[in-house]
Amino acid sequence: MAELAALADPKTREVNAKHGDDHGVNLGRLRALAKRLRTQQDLACRLWATEDSAARLLALLICRPKAFGRDELDAMLREARTPKVHDWLVNYVVKKNPHAEELRVAWSADPDPVVASAGWALTTERVAKRPEGLDLAGLLDVIESEMKDAPDRLQWAMNHTLAQIGIEHSEHRGRAIDIGERLEVLKDYPTSPGCTSPFAPVWISEMVRRRNDT
């Protein structure tokens, strides 16, 4: 904890605060520390218990993802209220855990929009890598009816699923683009030069174009 505190930088903290995060540690330095520590499940659990965001990010880098039980991960997600801790927990731990599919189903239906956004993030992963058994048309129905008025983080996750369906599944591409055009979610999102807009119709079209060019 002392080493993490020494790595904290006020300017980094100020930038992170704009994105809803509450730590000031450069992530490159955090990853270097994790590389030095290597996998240590017990230490990871103790770091998580501190409730400090930088410590929790480090914990997610040195833990054993398959070592957590379903209820442990559910509790951890509900405690992970800052965006970066939430994202790393889902992407670095839950996706590698044998309970991922069970949690995807449960979280997607959760009344807490932040928890539900984790379910949609896991759904996006399945759309891309293991779509068998998913009702893609049904997912588009839900997105069409709920995404426009969803809270920011849930809306972002649903939009990612929408784009992924359009990118990966040509039979649903036209409808996915149409939904995006009608709902206009993230249409005016500021995008840096050279980056792809998160507006689903543009995102889908650009990714399909790149694939066709290779």
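The values are calculated or read from the model by the stated rules, or taken from the named source; none is laboratory data. Every value quoted in this text rests on a predicted model; they were computed, and no experiment measured them. With ideal geometry, Cβ positions are generated from the backbone for all residues, glycine too; neighbour counts draw on all protein chains shown. Remember, those area values only see protein heavy atoms, side chains included, never the ligands or the DNA or RNA. Shrake-Rupley method; radii C 1.70, N 1.55, O 1.52, S 1.80 Å.
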message: I'd like the residue in segment 15-53 that is at pLDDT below 90 and of a type in the set (Asp, Glu) and, out of all such residues, is surrounded by the fewest Cβ atoms within 10 Å (Cβ to Cβ).
response: 22
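Answer yes or no as to whether residue 161 is touching a Phe, Trp or Tyr at 6+ places or on another chain (Cβ under 9 Å), among the β-branched types (Val, Ile, Thr), open to solvent by less than 10 Å² (accessible area, probe 1.4 Å) and in contact (Cβ under 8 Å) with a residue 24 or more places away in the chain. Spell out the reasoning first.
On the way: touching a Phe, Trp or Tyr at 6+ places or on another chain (Cβ under 9 Å): yes; among the β-branched types (Val, Ile, Thr): yes; open to solvent by less than 10 Å² (accessible area, probe 1.4 Å): yes; in contact (Cβ under 8 Å) with a residue 24 or more places away in the chain: yes.
Yes, satisfied.
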- request: Assess whether residue 80 counts as being under 27 Å from residue 161 (Cβ atoms), in contact with an Asp or Glu (Cβ under 8 Å, 6 or more places away or on another chain) and either aromatic (Phe, Trp, Tyr) or touching a residue at least 12 places away in the same chain (Cβ under 8 Å) (or both).
  value: no
- prompt: Looking only at segment 170-191, which residues are within 26 Å of residue 132 (Cα to Cα) and either surrounded by 21 or more Cβ atoms within 10 Å (Cβ to Cβ) or within 21 Å of the chain's Cα centre (by Cα) (or both)?
  reply: 176, 179, 180
- request: Can you tell me which residue among 2, 100 is more than 22 Å from residue 129 (Cβ to Cβ) and either among the small types (Gly, Ala, Ser) or modelled with pLDDT of 95 or more (or both)?
  value: 2
- line: For residue 147, the lone unmet condition from (1) open to solvent by 60 Å² or more (accessible area, probe 1.4 Å); (2) touching a residue at least 12 places away in the same chain (Cβ under 8 Å) is (1)
